[in-house]
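Student: Okay, handing you the structure first.
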């Protein structure tokens, strides 16, 4: 590991090249560059997740920590190749002052040549991705609405701000649920006429589940709020012939019940963020099913036909702060939910 | 009407089999304990098994479900690839059923039949059952007859699919293979018979098809104009272990050449399939197997070897003839090298050197494509002395990956050229532990995807390659080689005669 204090972007590029050389053949095959935008206290967590994800997708991890926007412009960097990060190579960059608004100037020369770029916000999702140049350079953008103060509102915001190539980790979290629910209809020709989802009202995964079922089946799922369970509790589908299929989460497993059959237990583990990230990195093309589900959730049609390329919109937080606080529950990075 | 919740674009949702049961005959055996049960656990742990999945173990033991469960528990825990999760095991184990009985016991099979019918009504399994034959081939006819007698193998009668999984060896020559194929195909329907060649379940083997047909870089050079020769090596550092009885009757050619090596050869040499449909891939593999030509003089174009005592990996190894239960005058080979040709326009004149052996210096399976040297070298001959053939090596195991070897300038003032290797390690680029071959294959059986399973025609064609070799070898004695060596001297001479050498694998 090399630590560089009060350094420049060029020094970082050189130090990374030197580390790679001395590490020998480690990480010679790169599938992508992963830019992680994180807060200081989540750096280790992001590293751990990236290590798991890198096991499936060899990547160069560029962790960007932006803080103290009002202070002096300064760049500190930490470079790790192999070692505790497994096969990955990582550069942790801490940026202060006005430099933090131009993080891309440090990140761009560090991107591995000609491989896809993925930007992952392991923090509150940005209000508008086009404001962050790190989102513009990326072929895929991963947000995590669960980290917002109002996750469901944040997801709706994602729909408004959507461009093909965006996904949200709340979607990844319901893949196992969706697998169980979809599996129930592999062997039956029954038409689904209704669905009930029991979940806390603020659970974004339930909202996406409802969006998915609505988009796929053309039904209007009922969201039944509960405060007994911290996360989505169950999904029930009603068939035209009166049969019911219910998937209920219990700790680490799902109870799968279907009219006329014995109850079954299926594994439904909670996965570490790294596994979720790895699932995201598996496909680097736009996830059309997600865009349909997200569109159904927010009531916006044809998300998938939006242009995939964003254009950077310069927004200076120093000026924005002086202006009126944004309307709604969500106030953008560094802002406070009202 | 398909499932409205599934679409081709939704690639996050994994393929999951329909509710079904897996019946394992010979569940207490080695294969079942080391590979099958761990594979089933790993599949369950990854959430790839359907609700109501049941495992039925059949073996000659006086056991209850609990005894079976504790054997399976130990086996799964020892062999599992994915992290151990007790709750997953508990759910899975609650669906384990043991049916005791011997293969000639009508009552036991009636009991199995009733159990399956009972499951159909109770578990929503709709009669879907895969029978896994983890038993010696000698017992196949007996079990098949029992399945036919009870009607358990009948798709129509059971109301679902009934599949059968057969392990190698698929017979010991063409005649016995045909007999076996006919028997299996008559009890089950031919498309419900899955022959396991576990090599085809390996990621790198499947990657051969990706490498060849997904890229534009290699295919133009993949022919006799550019390829000098191909070497396919399967070396094992172990001896015959506890398989003395089987091995001494079979030998290296029947044990691995007939199946694994010829399958690798087929994948490397076949033409592009019109689509990735199982039938199309099989059609191309079969075509190339039909084009395989043996050396005109088998005695000259092939080498048999048998290991002597020696040292392997720092340990003393006994010779083949001193192994337990091997007759002291055995002439069974533990090493085979043979020069094959493929008679079609693409490969005319390109030798395929295929070798396999036990007690080699290390365990390695690889396919090396050696390209011809550049037609003209505008360098001083002394400067290119160290330049060999360009090579593309597909390492199947261990360290799965691809190596490209080409000439490069040595830094310095002189124009000196030597070989360097550009190494792509599958396990480095994708360190996610790739699924065990059996995991993938068991899942494919339950889903009904036949891409990775050779069919009867391929098996029979492979025997047509091996049988003449066996005939020619009858009455000859294999060449001795010391354990820990790359085979007998004669194998080196086989290549040296044509100005080539084996690649040190």
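The values are calculated or read from the model by the stated rules, or taken from the named source; none is laboratory data. This is a predicted model, so every value here is computed, not measured. Neighbour counts run over all protein chains shown; Cβ positions are idealised from the backbone, glycine included.
Student: Against the conditions (1) at the interface with chain B (Cβ under 10 Å from one of its Cβ atoms); (2) touching a strand residue (DSSP E or B) at 6+ places or on another chain (Cβ under 9 Å); (3) closer than 23 Å to residue A:303 by Cβ; (4) surrounded by 19 or more Cβ atoms within 10 Å (Cβ to Cβ), where does residue A:268 fall short? Just the number, please.
Tutor: Single failed check for residue A:268: (3).
Student: Let me spell it out: the conditions are (1) more than 27 Å from residue B:240 (Cβ to Cβ); (2) touching a helix residue (DSSP H, G or I) at 6+ places or on another chain (Cβ under 7 Å); (3) modelled with pLDDT of 90 or more, and residue B:377 meets all of them except one. Which number is the exception?
Tutor: (3)
Student: Hey, another quick one. Quick one: residue A:85 ticks every box in (1) within 14 Å of chain B (Cβ to nearest Cβ); (2) in contact with a helix residue (DSSP H, G or I) (Cβ under 6 Å, 6 or more places away or on another chain); (3) within 30 Å of residue A:155 (Cα to Cα) bar one, so which box is it?
Tutor: (3)
Student: Could you grab me the full set of residues in region A:217-236 that are closer than 25 Å to residue B:91 by Cα, crowded, with 17+ Cβ neighbours inside 10 Å and out of contact with any helix residue (DSSP H, G or I) (no Cβ under 7 Å at 6 or more places or on another chain)?
Tutor: A:233, A:234, A:236
Student: Here are B:475, B:499, B:487: which of them is crowded, with 19+ Cβ neighbours inside 10 Å and not in a helix (DSSP H, G or I)?
Tutor: Working: B:475 fails: crowded, with 19+ Cβ neighbours inside 10 Å; B:499 fails: crowded, with 19+ Cβ neighbours inside 10 Å.
On inspection, the qualifying residue turns out to be B:487.
Student: What tally of residues in region B:168-185 results from selecting those that are surrounded by fewer than 21 Cβ atoms within 10 Å (Cβ to Cβ) and within 30 Å of residue B:117 (Cα to Cα)?
Tutor: Final tally of qualifying residues: 4.
Student: Kindly check whether there is at least one residue in region B:56-79 that is within 20 Å of residue B:443 (Cα to Cα) and at pLDDT below 85.
Tutor: No - not one qualifying residue is present in region B:56-79.
Student: Can you find a residue that is closer than 15 Å to residue A:43 by Cα and more than 21 Å from the chain's Cα centre (by Cα) anywhere in region A:100-120?
Tutor: No - not one qualifying residue is present in region A:100-120.
Student: Count, please, the residues in region B:25-45 that happen to be within 14 Å of chain A (Cβ to nearest Cβ) and either in a strand (DSSP E or B) or out of contact with any helix residue (DSSP H, G or I) (no Cβ under 9 Å at 6 or more places or on another chain) (or both).
Tutor: Adding up the residues that qualify gives 0.
Student: Okay, moving on. Just one of B:47, B:52 is on the phi > 0 side of the Ramachandran plot and surrounded by fewer than 20 Cβ atoms within 10 Å (Cβ to Cβ); which is it?
Tutor: On inspection, the qualifying residue turns out to be B:47.
Student: Tell me which residues, restricted to region A:8-38, are at pLDDT 90 or above and either assigned to a loop (DSSP other than H, G, I, E, B) or within 20 Å of residue B:424 (Cα to Cα) (or both).
Tutor: Of everything in region A:8-38, just one residue is at pLDDT 90 or above and either assigned to a loop (DSSP other than H, G, I, E, B) or within 20 Å of residue B:424 (Cα to Cα) (or both), namely A:33.
Student: For residue A:290, state whether it is at pLDDT below 85, within 11 Å of chain B (Cβ to nearest Cβ), touching a helix residue (DSSP H, G or I) at 6+ places or on another chain (Cβ under 8 Å) and not in a loop (DSSP other than H, G, I, E, B).
Tutor: In short, no.
Student: Quick one: residue B:454 ticks every box in (1) modelled with pLDDT of 90 or more; (2) surrounded by 19 or more Cβ atoms within 10 Å (Cβ to Cβ); (3) not in a loop (DSSP other than H, G, I, E, B) except a single one, so which number is it?
Tutor: Single failed check for residue B:454: (3).
Student: Could you tell me whether region B:373-383 includes any residue that is surrounded by fewer than 16 Cβ atoms within 10 Å (Cβ to Cβ) and within 30 Å of residue A:54 (Cα to Cα)?
Tutor: The answer is no; no qualifying residue exists.
Student: Quick check: anything in region B:76-88 surrounded by 18 or more Cβ atoms within 10 Å (Cβ to Cβ) and within 30 Å of residue A:188 (Cα to Cα)?
Tutor: Yes; the residues of region B:76-88 include at least one that is surrounded by 18 or more Cβ atoms within 10 Å (Cβ to Cβ) and within 30 Å of residue A:188 (Cα to Cα).
Student: Residues to consider are A:68, A:76; find the one that is out of contact with any helix residue (DSSP H, G or I) (no Cβ under 8 Å at 6 or more places or on another chain), more than 30 Å from residue B:402 (Cβ to Cβ) and assigned by TED's automatic domain parsing to the domain that holds residue A:135.
Tutor: The unique qualifying residue is A:76.
Student: Does region B:387-409 contain any residue that is out of contact with any helix residue (DSSP H, G or I) (no Cβ under 6 Å at 6 or more places or on another chain), free of Cβ contacts under 8 Å to residues at least 24 places away in the same chain and farther than 22 Å from residue B:218 by Cα?
Tutor: Among the residues of region B:387-409, at least one is out of contact with any helix residue (DSSP H, G or I) (no Cβ under 6 Å at 6 or more places or on another chain), free of Cβ contacts under 8 Å to residues at least 24 places away in the same chain and farther than 22 Å from residue B:218 by Cα, which makes the answer yes.
Student: Same structure, new question: Out of (1) crowded, with 23+ Cβ neighbours inside 10 Å; (2) within 13 Å of chain B (Cβ to nearest Cβ), what's the single condition that is false for residue A:174?
Tutor: Checking residue A:174 against (1) crowded, with 23+ Cβ neighbours inside 10 Å; (2) within 13 Å of chain B (Cβ to nearest Cβ), the one that fails is (1).
Student: What residue, of A:303, A:284, A:297, is in contact with a strand residue (DSSP E or B) (Cβ under 8 Å, 6 or more places away or on another chain) and in contact (Cβ under 8 Å) with a residue 40 or more places away in the chain?
Tutor: Details: A:303 fails: in contact with a strand residue (DSSP E or B) (Cβ under 8 Å, 6 or more places away or on another chain); A:297 fails: in contact with a strand residue (DSSP E or B) (Cβ under 8 Å, 6 or more places away or on another chain).
It is A:284.
Student: Among the numbered criteria (1) more than 11 Å from chain A (Cβ to nearest Cβ); (2) modelled with pLDDT of 85 or more, which single criterion is violated by residue B:92?
Tutor: In the conditions (1) more than 11 Å from chain A (Cβ to nearest Cβ); (2) modelled with pLDDT of 85 or more, residue B:92 misses (1) alone.
Let's see how each residue does on (1) free of Cβ contacts under 8 Å to residues at least 40 places away in the same chain; (2) more than 8 Å from chain A (Cβ to nearest Cβ); (3) touching a helix residue (DSSP H, G or I) at 6+ places or on another chain (Cβ under 9 Å); (4) in a loop (DSSP other than H, G, I, E, B):
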{"residue": "B:13", "(1), (2), (3), (4)": "yes, no, yes, yes"}
{"residue": "B:47", "(1), (2), (3), (4)": "yes, no, yes, yes"}
{"residue": "B:55", "(1), (2), (3), (4)": "no, yes, yes, no"}
{"residue": "B:63", "(1), (2), (3), (4)": "yes, yes, yes, yes"}
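Student: Of the conditions (1) at the interface with chain A (Cβ under 10 Å from one of its Cβ atoms); (2) crowded, with 21+ Cβ neighbours inside 10 Å, residue B:22 clears all except one; give me its number.
Tutor: Exception for residue B:22: condition (1).
Here's the yes/no breakdown for (1) facing another protein chain (nearest Cβ under 10 Å); (2) under 24 Å from residue A:153 (Cα atoms):
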| site | (1), (2) |
| --- | --- |
| A:195 | no, yes |
| A:224 | no, yes |
| A:230 | no, yes |
| A:237 | yes, no |
| A:243 | no, no |
| A:249 | no, no |
| A:254 | yes, no |
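Student: I need a count of the residues in region B:172-183 that are under 23 Å from residue B:151 (Cβ atoms) and either outside any helix (DSSP H, G or I) or under 20 Å from the mean Cα position of the chain (by Cα) (or both).
Tutor: The total comes to 2.
Student: Going through region A:40-65 one residue at a time, which ones are touching a helix residue (DSSP H, G or I) at 6+ places or on another chain (Cβ under 6 Å) and within 14 Å of chain B (Cβ to nearest Cβ)?
Tutor: Within region A:40-65, A:51, A:52, A:53, A:56, A:57, A:58 qualify.
Student: List, please: which pairs have Cβ atoms under 8 Å, are six or more places apart or on different chains, and start with a residue in region B:79-96 that is in the same structural domain as residue B:41 (by TED's automatic domain parsing) and touching a residue at least 60 places away in the same chain (Cβ under 8 Å) and end with one that is surrounded by 15 or more Cβ atoms within 10 Å (Cβ to Cβ) and assigned to a loop (DSSP other than H, G, I, E, B)?
Tutor: That search, which allows pairs on different chains as well, returns B:81/B:435; B:81/B:436.
Student: Going by the conditions given, is residue A:260 over 22 Å from the mean Cα position of the chain (by Cα), at positive phi and within 14 Å of chain B (Cβ to nearest Cβ)?
Tutor: When the stated conditions are applied, residue A:260 passes them.
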